[in-house]
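Some notes on the structure that comes next.
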2 protein chains.
Amino acid sequence: MVCVMAGPKTPFKTWMPQAIEQARAAEARGEVPVGAVIVSPQGEIISRAGNETRERHDPSAHAEILAIRRACRAVGSQRLTGHSLWVTLEPCPMCAAGIAMARIEAVHYGASDPKSGGIESGPRLYDHPNLHHHPKIYSGIAQEECAAMLQDFFQLRRE
Amino acid sequence: MVCVMAGPKTPFKTWMPQAIEQARAAEARGEVPVGAVIVSPQGEIISRAGNETRERHDPSAHAEILAIRRACRAVGSQRLTGHSLWVTLEPCPMCAAGIAMARIEAVHYGASDPKSGGIESGPRLYDHPNLHHHPKIYSGIAQEECAAMLQDFFQLRRE
């Protein structure tokens, strides 16, 4: 489902379904179901990623970091000014700081992560003046579906 | 120079010279001079890295993240339990969180980074209970040399 809420001047389109698709693909590979996409100022998806920490043996291979790396490679720059990130789960502190360094303009996320998140939870990184760039934050997008994927995944692993 | 301060039970060896070597190599490639090495519980360097953000167009390619990725690949695990990191500059919040996720036992760093650091500066990540692993921290190791490299680098760029 792609939901378009179009106003006269500021059409808003959600890319969360595409991020959820990445999360489901990650789950199918045995990874924690978190997915992300990065959208250019022109409204095109320029990178997609799901978690790959297990298959890569890489604790930094969260969906957001992989999506940033792929997007930066695509645009040939360390900076993603004007780009937006859509991710199914509140970014952790590592990803929140990486997002700021990439100068991403807006972060849209689904489920909150009180245990390991870094934006509205825990160290609340964007409240610190030391982070030189503070993206706009939109949270709670498709949060029920995003949270249910994670709950089901961890429930199955416990059984 | 390798400085060995050997006690009867707990010999302490510094690996900062090897981290500084990586920082100087980064500088020679036009990168910000920060370098890191990761040392195994057996006392062997298993990965080395300097910053590669510019050449890779990757804001996550800090020396610490690259060293962690290489070390994890070398040991075939996302976790570096018992390993220690030596890095010339206080890690930023992205790296500090990545270090915790990799379960690195001890972080030894040179210069402090009041502007962009994340351990003793800014969000002071390891003071937060949300980070599930808190490495031991040893700071100020060869700090004058580590700081001078950075000062010289930015001075030259301003000129």
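The values are calculated or read from the model by the stated rules, or taken from the named source; none is laboratory data. Not measured: the values here are computed from a predicted model. As a convention, Cβ positions derive from the backbone with ideal geometry for all residues, glycine included, and neighbour counts pool all protein chains shown. Please note that ligands, DNA and RNA were not included when accessible areas were found on the heavy atoms of the full protein model with its side chains. Shrake-Rupley method; radii C 1.70, N 1.55, O 1.52, S 1.80 Å.
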- From largest to smallest, what semi-axes in whole angstrom does the protein assembly as shown give when each is the square root of 5 times an eigenvalue of its alpha carbon gyration tensor? 35, 22, 16
- Note on the structure: Once Lys and Arg are counted +1 and Asp and Glu -1 for all other residues with Cβ under 13 Å from that of A:Val87, the total becomes -3
- Query: Considering only protein heavy atoms, what per residue accessible area in square angstrom results for segment A:1-123 with a 1.4 angstrom probe?
  - Reply: 38 Å²
- Message: If you take every residue apart from A:Ser139 with its C-beta less than 10 Å away from the C-beta of A:Ser139, what net charge results, scoring Lys and Arg +1 and Asp and Glu -1?
- Response: -2
- Note on the structure: Sorted shortest first, the nm distances from the A:Gly82 label point (7 Å along Cα→Cβ) to its counterparts in the other copies are 5.2
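Give, as a single signed number, the net charge of other residues whose beta carbon lies under 15 Å from the beta carbon of B:His57, with Lys and Arg counted +1 and Asp and Glu -1.
+4
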- Note on the structure: With label points set 7 Å from each Cα along the Cα-to-Cβ direction at B:Glu145 and B:Lys115, the distance between them in nm comes to 2.4 nm
- Item | Shielding of A:15-23 by partner chains, average beta-carbon count, 10 Å | 0
- Where trypsin sites (Lys or Arg not before Pro) in DSSP loops with at most 13 other Cβ within 10 Å are excluded, longest remaining stretch of chain A: A:30-114
- Using only the Cα atoms, what convex hull volume per residue in Å³ does segment B:1-118 have? 102 Å³
- Message: Please report the accessible area of A:Ser116 (heavy atoms, 1.4 Å probe, ligands and nucleic acids excluded) in Å², nearest 10.
- Response: 40 Å²
- Using the 7 Å Cα-to-Cβ label point, sort the distances from A:Glu159 to its equivalents in the other copies shortest first and give them in nm to one decimal. 6.8
- What percent do you get for the relative contact order of chain B when only Cα pairs under 8 Å and 6+ apart count? 18 percent
- Query: Using 19 Å as the cut-off for backbone N distance, which residues of segment A:19-59 belong to the label zone defined by a point 7 Å from the Cα of A:Arg73 along Cα→Cβ?
  - Reply: A:22-23, A:26, A:35-40, A:45-59
- Task: Output the direction-averaged projected area (hull surface divided by four) of the convex hull of the alpha-carbon atoms of segment B:86-159, in nm².
- Result: 4.8 nm²
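Could you look at the protein assembly as shown and say what percent of its accessible area is carbon and sulfur, using a 1.4 Å probe and all protein chains?
C and S atoms contribute 51 percent here.
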- Report, for segment B:1-156, the % of DSSP beta bridges that are antiparallel, rounded to 5. 60 percent
- Amide H proximity to B:Arg103 below 5 Å, modelled H, separation 5+ or other chain, gives B:Leu80
- Would you kindly work out, in nm and rounded to one decimal, the distances from the label point of B:Arg29 to those of the same position in each other copy, ordered shortest first, with label points 7 Å along Cα-to-Cβ? 2.5
- Residues with amide H under 5 Å from that of A:His108, placed H, sequence gap 5 or more: A:Leu85, A:Trp86, A:Val87, A:Tyr138
- Residue-wise, which Karplus ³J(HN,Hα) couplings in Hz belong to segment A:145-159, taking 6.51 cos²θ - 1.76 cosθ + 1.60, θ = phi - 60°, and x for glycine or proline? 5, 5, 6, 4, 4, 5, 4, 4, 4, 6, 4, 4, 5, 6, 6
